[in-house]
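Written below as structure tokens is the structure these notes are about.
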Ligand SMILES: Cc1cc2nc3c(=O)[nH]c(=O)nc-3n(C[C@H](O)[C@H](O)[C@H](O)COP(=O)(O)OP(=O)(O)OC[C@H]3O[C@@H](n4cnc5c(N)ncnc54)[C@H](O)[C@@H]3O)c2cc1C
């Protein structure tokens with residue numbers, strides 16, 4: 001039996017903690033926040049994320065939680081639909097929006113059924129502890145020290161553990177700044193339940209009905225843009241100019257109910273190494289993902305599955321460190337590929353979004369060019385939905401927990 005300290009109870013931390021606790025290891029899961037509900041949480045589970053849940057014996061979990069199957073994907077240019085692709089796009093499962101806090105709460109409940117699992121909410125890790133050149137645990141903000149045979153850093157994109165261990169983040173591309181708005185449900189039933197990418201007037205955004213039936217709107221901030229302050233009354237009108245007509249009509253009618261936006265900063269990258277003796281990084285801590293085509297939760301769950309399986313078999317400091325290296329080796333190719341596809345998608349959005357001539361031509365010739373662009377777009381979606389073949393270990397049982 002090993003002692004693991006897992007830092008951060010997002011999808012990466014909970015999936016690895018659950019498996020290790022089920023395998024009989026002593027697991028302390030430390031989470032800075034006291035509750036799972038946040039102003040913003042990504043919700044899209046791709047078939048590859050659902051596959052990861054199946055590895056945890058939870059193949060049907062997403063259907064038991066507040067969820068909504070995505071109807072499809074649409075791209076709108078200057079208010080005209082360029083193309084639409086219906087889900088499930090050849091996959092066995094459609095992309096499904098799941099209330100993330102409900103998913104995390106469920107994983108936690110399962111972990112809490114394990115006798116050697118310890119849950120420490122509302123406690124931030126302050127620093128890593130070292131002994132004989134190896135990380136040997138963490139110190140919490142309250143002063144308590146937790147000793148570990150391996151610390152697993154799942155503390156998200158701004159990872160303190162990554163920085164303290166001196167594992168540098170190699171940033172890729174330029175960072176993004178988003179404003180995230182919500183309009184509470186219920187919404188008219190006839191509104192399209194697809195994920196809509198919106199390109200109009202030099203602005204890029206998105207609109208989607210979330211797992212709990214609320215309208216989620218994203219607005220990409222641009223350095224050269226005159227952006228109203230977050231509390232401005234101008235937002236409903238500015239957003240309506242970007243939205244397909246049925247969504248714009250709803251926003252006009254219910255402008256007063258639009259939330260003040262949350263600002264989300266996104267820097268994509270990969271840690272130079274995901275491990276150092278006594279420490280392994282997983283999820284966004286190892287490789288902060290872009291929100292483009294919703295990969296982060298899925299990749300975090302897949303990291304957790306692989307790590308759980310490889311670490312569980314180790315029985316000494318040496319074999320734990322070797323297993324940590326193996327986790328990185330096994331997971332890096334899929335992450336690299338997904339980040340490359342995400343940045344390709346972002347570059348194309350940027351090109352169309354900021355080129356007025358191209359945009360207006362695409363809008364004017366949508367009936368002609370729509371099917372061509374749809375074909376090109378669709379080709380890229382396979383791995384973004386299914387992950388890389390063989391990236392997860394073979395499933396050895398079909399136990400439903
Ligand atoms: C705008 C936007 C939209 C997105 N939409 C989607 C989507 O639809 N689908 C999708 O798959 N992905 C999406 N993502 C990405 C996804 O949210 C992340 O990639 C995913 O949550 C990463 O999981 P994680 O477990 O690695 O980290 P996180 O979910 O970030 O969890 C990290 C946890 O660590 C805790 N923590 C941090 N520091 C400490 C500390 N010192 N001590 C203790 N605890 C600590 C935090 O409180 C947090 O709970 C989106 C991202 C953005 C920015």
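The values are calculated or read from the model by the stated rules, or taken from the named source; none is laboratory data. Bear in mind the structure is a predicted one, so any value in this text is a computation, not a measurement. Heads up, the Cβs are rebuilt from the backbone with ideal geometry, glycines too, and the neighbour counts pull from every protein chain shown.
Here 137, 122, 156, 143 are screened, and the one residue that is within 16 Å of the ligand (Cβ to nearest atom), more than 21 Å from the chain's Cα centre (by Cα), buried (at least 19 other Cβ atoms within 10 Å of the Cβ) and on the phi > 0 side of the Ramachandran plot is 137.
Criterion first (within 28 Å of residue 272 (Cβ to Cβ) and free of Cβ contacts under 8 Å to residues at least 60 places away in the same chain) does residue 233 satisfy it? Judged against the criteria, residue 233 is not a match. Residues that are touching a residue at least 12 places away in the same chain (Cβ under 8 Å), within 21 Å of residue 325 (Cα to Cα) and within 14 Å of the ligand (Cβ to nearest atom) within region 159-180 comprise 159, 160, 161, 162, 164, 165, 169, listed in sequence order. Check whether at least one residue in region 64-77 is under 21 Å from residue 304 (Cβ atoms) and under 18 Å from the mean Cα position of the chain (by Cα), and report yes or no. Yes, region 64-77 has at least one match.
Going by the conditions given, is residue 127 assigned to a helix (DSSP H, G or I) and either touching a residue at least 12 places away in the same chain (Cβ under 8 Å) or surrounded by fewer than 18 Cβ atoms within 10 Å (Cβ to Cβ) (or both)?
Against the criterion (assigned to a helix (DSSP H, G or I) and either touching a residue at least 12 places away in the same chain (Cβ under 8 Å) or surrounded by fewer than 18 Cβ atoms within 10 Å (Cβ to Cβ) (or both)), residue 127 does not qualify.
Restricting attention to region 349-379, the residues that are under 30 Å from the mean Cα position of the chain (by Cα) and exposed (fewer than 15 other Cβ atoms within 10 Å of the Cβ) add up to 8. Assessment of region 128-139 against the conditions (closer than 19 Å to residue 35 by Cα, in contact with a strand residue (DSSP E or B) (Cβ under 8 Å, 6 or more places away or on another chain) and modelled with pLDDT of 95 or more) yields no matching residue. Scan region 363-375 and tell me whether some residue there is out of contact with any strand residue (DSSP E or B) (no Cβ under 8 Å at 6 or more places or on another chain), more than 18 Å from residue 198 (Cβ to Cβ) and outside any helix (DSSP H, G or I). Among the residues of region 363-375, at least one is out of contact with any strand residue (DSSP E or B) (no Cβ under 8 Å at 6 or more places or on another chain), more than 18 Å from residue 198 (Cβ to Cβ) and outside any helix (DSSP H, G or I), which makes the answer yes. Sort out which residues of region 46-81 are within 12 Å of the ligand (Cβ to nearest atom) and closer than 30 Å to residue 148 by Cβ, and write them in order of number. Once the filter is applied, which keeps residues that are within 12 Å of the ligand (Cβ to nearest atom) and closer than 30 Å to residue 148 by Cβ, region 46-81 yields 48, 49, 52.
The helices (runs of 4 or more DSSP H) falling completely within region 1-119 that include 3 or more residues that are surrounded by fewer than 20 Cβ atoms within 10 Å (Cβ to Cβ) and either assigned by TED's automatic domain parsing to the domain that holds residue 216 or touching a residue at least 24 places away in the same chain (Cβ under 8 Å) (or both) map to 100-112. Mind checking whether some residue in region 242-254 is in contact with a helix residue (DSSP H, G or I) (Cβ under 9 Å, 6 or more places away or on another chain), modelled with pLDDT of 95 or more and on the phi > 0 side of the Ramachandran plot? Taking every residue of region 242-254 in turn, none turns out to be in contact with a helix residue (DSSP H, G or I) (Cβ under 9 Å, 6 or more places away or on another chain), modelled with pLDDT of 95 or more and on the phi > 0 side of the Ramachandran plot. In this structure, is residue 310 under 19 Å from residue 14 (Cα atoms), in contact with a helix residue (DSSP H, G or I) (Cβ under 7 Å, 6 or more places away or on another chain) and either more than 16 Å from the ligand (Cβ to nearest atom) or at pLDDT below 95 (or both)? Considered against the rule, which asks whether it is under 19 Å from residue 14 (Cα atoms), in contact with a helix residue (DSSP H, G or I) (Cβ under 7 Å, 6 or more places away or on another chain) and either more than 16 Å from the ligand (Cβ to nearest atom) or at pLDDT below 95 (or both), residue 310 comes out as yes. Residue 24 fulfils the conditions (1) more than 11 Å from the ligand (Cβ to nearest atom); (2) within 24 Å of residue 382 (Cβ to Cβ) except for a single criterion, (2).
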